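The values are calculated or read from the model by the stated rules, or taken from the named source; none is laboratory data. Remember, it's a predicted structure, so these values are computed and weren't measured experimentally. Using ideal geometry, Cβ is built from the backbone for each residue, glycine included, and neighbour counts are taken over all protein chains shown.
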Amino acid sequence: MAASTPPKDFGFGEDEQLLRDLARRFLDENLPAPRLRALVAADPAAAYERGERPGWDEGLWKQICELGWTGLAVPEAAGGIGGKMVGITALAEEVGRHALPSPLVATLCATFALRAARTPAAGAWLARIADGAAAALAITDARGSWDPSDCDMSARPQGGDLVLSGAAYFLQDAFKADVLVVSARRDGAGVLCAVPWDAAGVSLAQDHIHDLTRDQATVRFDGVRVERDNVVSDDGAAALRGAWPAILVTVAADLCGTSEWQLQTTVEYAKQRKQFDRPLGFFQAVKHPLVNAMIEIDRARSLLYHAACCIDAEAVEAETAARMAKSAASDAGAFMSDRSVQLHGGIGFTWESDVHIYFKRSLHNQMLYGDGAYQRRALAERLIGPIGS
Amino acid sequence: MPPPPPERLPVLPIEVSTESLRDYLRDWQRRCYEAGLIGADLPTEYGGGGHQGFQRIANREMSRAGTPFMLNVVGLHMAIPTILVHGSEEQKRRFVPKALSCEEIWCQGFSEPGAGSDLANQQTSAVRNGDVWVVNGHKLWTSLGHFAQWMILITRTSKEHKYDGLTYFLCPIEGHPGVTVKPLIKMTGEQGFNEVLFEDARIPDSLRLDEVGKGWTVAMTTLTYERGAAEGAGGGGGEKTSPIERLIALARASFRNGVRASDDPHTRDAIVQRAIVHEGMQQNVRRMRVPALCDHPMRLPLQMKVTGSEYAQHNARLGVEIAGARSTLYKKDPAAPDAGRWPLEYLDSYGHTIAAGTNEIQRNILGERVLGLPKSK
C-alpha cells in the first residue's frame, strides 16, 4: 500500500478513535493514580535497596491481552488485527499517560521486528504474540549502541541449529517476557532468533534502574540451542532497520502521553496552590514555561502522527519522520519533566508526590533507542549529507 | 510568472519602502486577482470566485512557484474577513472587491503609544456630531500606512467602559483632512511603518463597522485572522527554497573553526533542529484539521503566531551564526553572504515577535484560554 498522497487526517479514523477512547477509559478505571502508586512506589526501599522487581498487575495484563492490544501490530495473516500505526500510536500515548507498568511497549517493539522479518518462522511467533505472549528485544550491546548491526552475541551453526553465546543488554521488561527476540552474529552476518525465556542456558540478571514502571535486564546466553524454526531472520540487521521507525514512534508516543500527564497535572497544581494570595499560575514565570512545554509537546505529537502515517503508507520518509518525532518527543519530555518538578516546588521533590514516577519513566524513554541529539545526528546525514561530503 | 521586479523584491510587506516596489507588487496582486487566485472562496457578489476550497490550493501553488507576496496583506487577511463578519451589505459590496484587486490598500490602526500589549487601553477618541464622528489621536507601527488609502481603526467612544467603550471604523487615510502619516525608521535602518496622527479628522457614520461600543469584539475578529488562527481571503507568496535549504547552502559555503560549517557537528545539529521545527509547524497545521487529535479546539491555532515568528527569528539567528565573521557585512556590502539577508532578517524578525500582540501576550492568552490558568494582568 504505497499511497501517493498521504491522508490529510493521518488516516486516523473511527476505528483508531474507538481504540484510543477505550484505552483511555480502561486505564482510567483500572489504573487510577493511587493504584499506580500502590503498585510501583509504595515502598522506596524495595525500589532502591532490596532490588525487588518493580511491581505490575498481572491481572490487568491478562485483561489487556484479552482486549487484543498485543495483536494490534500482528498482521491479519498471522492471526492478529493488523491495525494501523496511527492507532497503535494513540494507544501508546494512553499507556504513557497512565505510566502503565506492563510488557506492552516491549512486546510491540519485538512485534515490529518479527513483522519486518517476513518469514514463516517469524509468523509463528507473531501468532503467539497475538494470543497474548509477551516479548522483549535482546539486541543491544554492552556499550548501549542503538545501531541495529552492533551486538555482542555470536551464533554458531551446529547441525541444522544455531548455538547462541554471549550477552545482550538493556532488555526492556524482560522479566515479563515469554520470548526474547535476539540479535546475533553468524559468520559476520546478523541473524534474528526467537528464544523462550526459560530455554536451557538463558539467564536474566536484573538491572537496578531509576524508572519504577518497568524492569530492565541483562541476559546471558550460555550455549543456548536455537532450532532452525526459531531463526526468524537471516538478515537481522535489515529486519531491525525495517522495524526501527515503528519502534521509535511507539516510544515517542509513550513519551508524549507522559508529557501530557505532566502538563495537565502541573497546570492543575498551578491553579490550586496559592502563594502571595494568588494561584501560582497567575505568575508569568509559571504560566509561560507551561505554555512553552505545551508548544513542544504539540510539535512532538504532530510529528508523531505524521511519522505513524508514513509508516502506514510505507513511505520512504518514514525513518526521517520517526527520528524527528523521537527527537521532538525526547526534548519535549526533558523540558516538561524539568518544569513539572520545579513548578511543584518542595512537594515535587518528594517521594510522596506522583511527579517523580512520571519524571523517571520519561527520562528512561528519552534515552531509549537514542535521545534527541542522537536522532539529529542521524538526520543530519540524511538532510545535509555525510561529514566531508 | 510576473515580469522581473525593479529591484530586489522584499520578503515582507514591512520592507516595501519605494513607490516602484509598491507599483510592482500592486500590479502583481491585480493580475493574480484577475486570474482567480485571490478571493477564490469568497461570494461572487463581493468580487470573489464563489468556489469552495480553491484558495488553499491556489496559495499552495503560488507558494510552490515562489511568487511575490500579496501587497494588500492587511486588506486580505484582516479588513476583508472582519468586514465580512461585521459589515453591512453595502460595506461588503463597497470595500471587498477593491481590497481583493489591490485597487485600495489597507493599513491597521490598532497600536498607540499607550496601547501596545494592553490593546484595550485605546486613547484615540471619536466623538459623535450628528452623522459624523470627529477623531483625535495617535496610532503607531502602521505598516503600509504611507501607501494605504484605508485604515481599519479602533477608537474610544466612551471613557466609562474599558472594553465596551470602543468603536471600530473603516477610515479614509490618503489625503484625508486631519490625517497625517509620518514614516518611522526601523532598527534595520529601513522605512516600512509609520505613525498616523488624527487631528479633528471627520468620518461619516456610514463607515462605522458594527455597533457603537462593540469595537473590542470586532477587533478580536481581526486579531484572530491576523494571528493566523483562521484563514483569510488568501494570497500566497514566498520563495522557492525553504529556509532550511538556504541554511544548508549557507553552511556549505561557510567556515567555522577552520572547517566547513556543514561538517561542524554543532552547526549540523542546529540546522536539523530548525528542520524539525519546520516540519512540526506543517504537521501542526495538518493535525489542527483533525478534531479527534486535538484536545482543545484553539490549542494549536493560538500557537501559530508564536511558533511562526520565533521560527523565523531562530532561523535568521542561526544564519548569522553560520556566516560568522561574514555575517557582520550588511546588505550594501558586495561581499555580504546572500546580500546581507541574514542579519537583516534577524533584525527585522523582532517586528514579528512584537507585532500583533507580543509573544509574551500570546503566551498569556494560551495559558489562560487553553490551559485555563488564572489571568495575569
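Taking (1) in contact (Cβ under 8 Å) with a residue 40 or more places away in the chain; (2) in a helix (DSSP H, G or I) in turn, B:R94 satisfies each apart from (1).
One line per residue, one yes/no per condition, for (1) of a type in the set (A, V, I, L, M); (2) facing chain B (nearest Cβ under 10 Å); (3) without any contact (Cβ under 8 Å) to a residue 40 or more places away in the chain; (4) touching an Asp or Glu at 6+ places or on another chain (Cβ under 7 Å):
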site	(1), (2), (3), (4)
A:E268	no, yes, yes, no
A:V291	yes, yes, yes, no
A:D298	no, yes, yes, no
A:D312	no, no, no, no
A:S327	no, yes, no, no
A:S330	no, no, no, yes
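Candidates are the residues of region B:289-316 that are of a type in the set (A, V, I, L, M, F, W, C) and in a loop (DSSP other than H, G, I, E, B); the one that is nearest to the other protein chains (Cβ to nearest Cβ) is B:V290. Taking the condition within 30 Å of A:Y305 (Cα to Cα), surrounded by 17 or more Cβ atoms within 10 Å (Cβ to Cβ) and modelled with pLDDT under 95, does B:H314 pass? No: the conditions fail for B:H314. Residues that are within 21 Å of B:L21 (Cβ to Cβ) number at least 1 in the following strands (runs of 3 or more DSSP E) confined to region B:161-215: B:179-185, B:191-204. Annotation note: of A:V231, A:V251, the sole residue that is over 30 Å from A:V95 (Cβ atoms) and away from chain B (no Cβ under 14 Å) is A:V231. Among the helices (runs of 4 or more DSSP H) lying completely within region A:3-78, list those that include at least 1 residues that are surrounded by 13 or more Cβ atoms within 10 Å (Cβ to Cβ) and within 14 Å of another protein chain (Cβ to nearest Cβ). Passing ranges, in order: A:14-30. Taken together, the criteria exclude A:S353 from residues that are more than 8 Å from chain B (Cβ to nearest Cβ), under 25 Å from A:H208 (Cα atoms) and either part of a helix (DSSP H, G or I) or under 22 Å from the mean Cα position of the chain (by Cα) (or both).
With respect to the conditions (1) within 14 Å of another protein chain (Cβ to nearest Cβ); (2) assigned to a loop (DSSP other than H, G, I, E, B); (3) touching a residue at least 24 places away in the same chain (Cβ under 8 Å), A:H306 lacks only one, and its number is (2). Evaluation of A:Q284 against the conditions (1) within 21 Å of A:S337 (Cα to Cα); (2) surrounded by fewer than 19 Cβ atoms within 10 Å (Cβ to Cβ); (3) more than 9 Å from chain B (Cβ to nearest Cβ) shows that the sole unmet condition is (3). When region B:355-377 is limited to residues that are without any contact (Cβ under 8 Å) to a residue 40 or more places away in the chain and part of a helix (DSSP H, G or I), the one that is nearest to the other protein chains (Cβ to nearest Cβ) turns out to be B:G367. Is it true that A:R214 is modelled with pLDDT of 95 or more, within 16 Å of A:A134 (Cβ to Cβ) and not aromatic (F, W, Y)? Against the criterion (modelled with pLDDT of 95 or more, within 16 Å of A:A134 (Cβ to Cβ) and not aromatic (F, W, Y)), A:R214 qualifies. Within region A:177-201, the set of residues being in a strand (DSSP E or B) and over 21 Å from A:D150 (Cβ atoms) comprises A:V179, A:P196. Scan region A:130-144 and tell me whether some residue there is assigned to a helix (DSSP H, G or I) and touching a residue at least 60 places away in the same chain (Cβ under 8 Å). Within region A:130-144, one or more residues are assigned to a helix (DSSP H, G or I) and touching a residue at least 60 places away in the same chain (Cβ under 8 Å).
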